[in-house]
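Visitor: Below are the structure tokens for one structure; questions will follow.
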Amino acid sequence: MSQRADAPLSMPVDDVVIVGGGLAGLFCALKLAPRPVTVISAAPLGEGASSAWAQGGIAAAVGEGDTPEAHAADTIAVGAGLVDEEIALGLAREAGARIHDLLRYGVPFDRDLEGKLAVAQEAAHSARRIVHVRGDMAGKAIIAALVDAVRNTPTIRVIEGYAAEALLTHDNAVNGLQLRNAHDPALPPVTVAARAVVLATGGIGHLYAATTNPREASGLGLAIAARAGAVIADPEFVQFHPTAIMVGRDPAPLATEALRGEGATLINAKGVRFMQALHPLAELAPRDIVARGVFAEIAAGRGAFLDATKALGDHFADHFPTVYASCIAGGIDPAKQPIPIAPAAHYHMGGIAVDARGRTSIDGLWAGGEVSCTGAHGGNRLASNSLLEAVVFAARIAEDIDGRSFAAQPAPAPENPRNCAMPPSAEASLRALMSSHVGVIRDGDDLADAIRTFAMMEQSVGNIALRNMATTALIVATAAWSRRESRGGHYRSDYPSENPALAVRTRMTLNDARAIAADVAAGIAPRLHAMA
């Protein structure tokens, strides 16, 4: 059952409410059936979800000779010393079961000539274990299948066209949500009661000027949870996809990692391969290293390109139709020309801190998918683990909720119902500041400048969407300022080495971020990792 934003909004208080129409939200809703569920999505189901754009596929040790233990070991090796090893092993061991769930929901994974699931190689994996759909169409195919399944499940109610702008609580327990019409933010907000909420709102990529994420990935879920007092984990760790296609589009289409797995190389404008001098794995090095290599070539004025003309040539369109279409639309024929690329914000390893069941620090609130931080990725995500984490934790959340009843709560009171218009160019300015000061390469002075701006915006702007963006930006920037080392997706040019003493995960609240911002203003040294 679906309801759009132009209809009066009402909702049974006993429904489990899932905010977000991407992979984690849809999979969780299906796993909860036949328990009544309401799914709230600002965009039509699947259209505002980063998971729909995922090209790489899902990592799962389903190939001959591969094991979950080997998959977990690869995950831990890439995660910069911060991976929760128990979580990583559990993720890898549950992968096969979740792949079969997706097959039952109608996902047409590629198969080999013997009818077995076809598996591909990607960077930093020790085996071929990436399950695909038509090469680079996994995300789109998975979301399409799940949307169909959700719309055909009578106990799942879908409300499209509303954005959650505040999480409402009483005595550290969820009691409602404040929603706003996504098509006309000037309308008054709607307050709905809810005792069990699952946040599955995606990542933070749209906080950056260059990103592969849809507009909806603006850090909303992290912001509303933080403003309600939730603990946030590892927010400084942002993964930049090293090969976003630079053809003037926002968001930028990406050239999947699988292209390099099939032999495509990274070259500069003179045709010189530059990654061989930076890492033994060259183009297949971990993403953070490749992103910095690409960034350095561009910063030096040499440009950066992905060259698949020799590895794929005329077979490009058959093997990677999505990338091929993006290039052709931008005036590039990737079968004959190198593809212009640059790093772009792609995935957030940090997020709302959750336990092994997806529970947050707020009673009645769960989080799944990119908005959450499970500890599975540490400081640097292994390729194609994100979709796996989304389905594994969506299933765990559903199992944790199933059969539970929730105590009655007082009626929720609206928060900041008045919404000012978005100031001209304010969103673009925030995104530009994130890219320049909290991006691929960071330093203390730039981070301090960004913190001062975001702290002012988080406290004073009247537009609620912008305030929420500034909240998440402040949390990311303060954590990055406090971590005086380089580790995983967090790189400080003024502290370019790992510090073994800082091999600890970050735990912080919005109040901590505000205190750090006050320290920045007062010139006090970082103190965050005393709390980690």
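Visitor: Somewhere in the stretch 384-399, is a residue assigned to a loop (DSSP other than H, G, I, E, B) and either in contact with a His (Cβ under 7 Å, 6 or more places away or on another chain) or not assigned by TED's automatic domain parsing to the domain that holds Ile143 (or both)?
Guide: The answer is no; no qualifying residue exists.
Visitor: Out of (1) more than 25 Å from the chain's Cα centre (by Cα); (2) more than 21 Å from Asn380 (Cα to Cα); (3) surrounded by 19 or more Cβ atoms within 10 Å (Cβ to Cβ), what's the single condition that is false for Pro251?
Guide: So Pro251 meets the others, but not (1).
Visitor: Based on this model, can you work out whether Val323 counts as within 30 Å of Ala407 (Cβ to Cβ), in contact (Cβ under 8 Å) with a residue 12 or more places away in the chain and not small (Gly, Ala, Ser)?
Guide: no
Visitor: I've got another one for you. What's the total number of residues in the stretch 316-367 that are in a strand (DSSP E or B) and either of a type in the set (Gly, Ala, Ser) or more than 30 Å from Leu220 (Cβ to Cβ) (or both)?
Guide: 8
Visitor: Still on this structure, please answer the following. Within the stretch 190-219, track down each residue that is within 15 Å of the chain's Cα centre (by Cα) and either of a type in the set (Ser, Thr, Tyr) or not in a loop (DSSP other than H, G, I, E, B) (or both).
Guide: Leu199, Thr201, Gly205, His206, Leu207, Tyr208, Thr211, Thr212, Ser218, listed by residue number.
Visitor: Given the conditions (1) surrounded by fewer than 20 Cβ atoms within 10 Å (Cβ to Cβ); (2) in contact with a helix residue (DSSP H, G or I) (Cβ under 9 Å, 6 or more places away or on another chain); (3) not aromatic (Phe, Trp, Tyr), and given that Ala61 satisfies all but one, which numbered condition is not satisfied?
Guide: Result: Ala61 passes all but (1).
Visitor: Also: Let me spell it out: the conditions are (1) within 23 Å of Gly203 (Cα to Cα); (2) of a type in the set (A, V, I, L, M, F, W, C); (3) part of a loop (DSSP other than H, G, I, E, B), and Phe454 meets all of them except one. Which number is the exception?
Guide: (3)
Visitor: I need a count of the residues in the stretch 263-321 that are charged (D, E, K, R) and farther than 26 Å from Asp110 by Cβ.
Guide: Qualifying residue count for the region: 6.
Visitor: For the stretch 233-243, check the following and say yes or no: at least one residue is surrounded by 20 or more Cβ atoms within 10 Å (Cβ to Cβ), under 27 Å from Phe454 (Cα atoms) and aromatic (Phe, Trp, Tyr).
Guide: Yes, there is a match, as at least one residue in the stretch 233-243 is surrounded by 20 or more Cβ atoms within 10 Å (Cβ to Cβ), under 27 Å from Phe454 (Cα atoms) and aromatic (Phe, Trp, Tyr).
Visitor: Every residue in the stretch 143-158 that is assigned to a strand (DSSP E or B) and surrounded by fewer than 22 Cβ atoms within 10 Å (Cβ to Cβ), please.
Guide: Across the stretch 143-158, the qualifying residue is only Arg157.
Visitor: Filtering the stretch 90-142 down to residues that are of a type in the set (Val, Ile, Thr) and assigned to a loop (DSSP other than H, G, I, E, B), which residue is nearest to Val391 (Cα to Cα)?
Guide: Val107
Visitor: What's the number of the condition Arg492 fails, among (1) out of contact with any helix residue (DSSP H, G or I) (no Cβ under 9 Å at 6 or more places or on another chain); (2) among the charged types (D, E, K, R); (3) more than 29 Å from Glu165 (Cα to Cα)?
Guide: It is condition (1) that Arg492 fails.
Visitor: Restricting to the stretch 362-396, count the residues that are at negative phi and under 12 Å from the mean Cα position of the chain (by Cα).
Guide: Matching residues across the stretch 362-396 total 12.
Visitor: Continuing with the same structure: Quick check on Gly439: is it surrounded by 16 or more Cβ atoms within 10 Å (Cβ to Cβ) and touching a residue at least 40 places away in the same chain (Cβ under 8 Å)?
Guide: Taking the combined requirement at face value, the residue satisfies it.
Visitor: Out of (1) within 22 Å of the chain's Cα centre (by Cα); (2) of a type outside the set (Asp, Glu); (3) within 25 Å of Gly439 (Cα to Cα); (4) part of a loop (DSSP other than H, G, I, E, B), what's the single condition that is false for Arg302?
Guide: Of (1) within 22 Å of the chain's Cα centre (by Cα); (2) of a type outside the set (Asp, Glu); (3) within 25 Å of Gly439 (Cα to Cα); (4) part of a loop (DSSP other than H, G, I, E, B), only one is false for Arg302: (1).
Visitor: Then there's this: Determine whether Asp449 is in contact with a His (Cβ under 8 Å, 6 or more places away or on another chain), of a type in the set (D, E, K, R), assigned to a helix (DSSP H, G or I) and at negative phi.
Guide: Against the criterion (in contact with a His (Cβ under 8 Å, 6 or more places away or on another chain), of a type in the set (D, E, K, R), assigned to a helix (DSSP H, G or I) and at negative phi), Asp449 qualifies.
Visitor: What number goes with the only condition from (1) among the acidic types (Asp, Glu); (2) at pLDDT below 95; (3) surrounded by fewer than 24 Cβ atoms within 10 Å (Cβ to Cβ) that Asp307 does not pass?
Guide: Just one mismatch for Asp307, condition (2).
Visitor: Here is a further query. Since Ala522 meets every condition but one in (1) out of contact with any helix residue (DSSP H, G or I) (no Cβ under 9 Å at 6 or more places or on another chain); (2) modelled with pLDDT of 95 or more; (3) under 29 Å from Pro423 (Cα atoms), which condition does it not meet?
Guide: (2)
The values are calculated or read from the model by the stated rules, or taken from the named source; none is laboratory data. For clarity, every value in this text was computed on a predicted model and none was experimentally measured. Methodologically, a virtual Cβ is constructed for each residue, glycine included, from the backbone with ideal geometry; neighbour enumeration extends over all protein chains shown.
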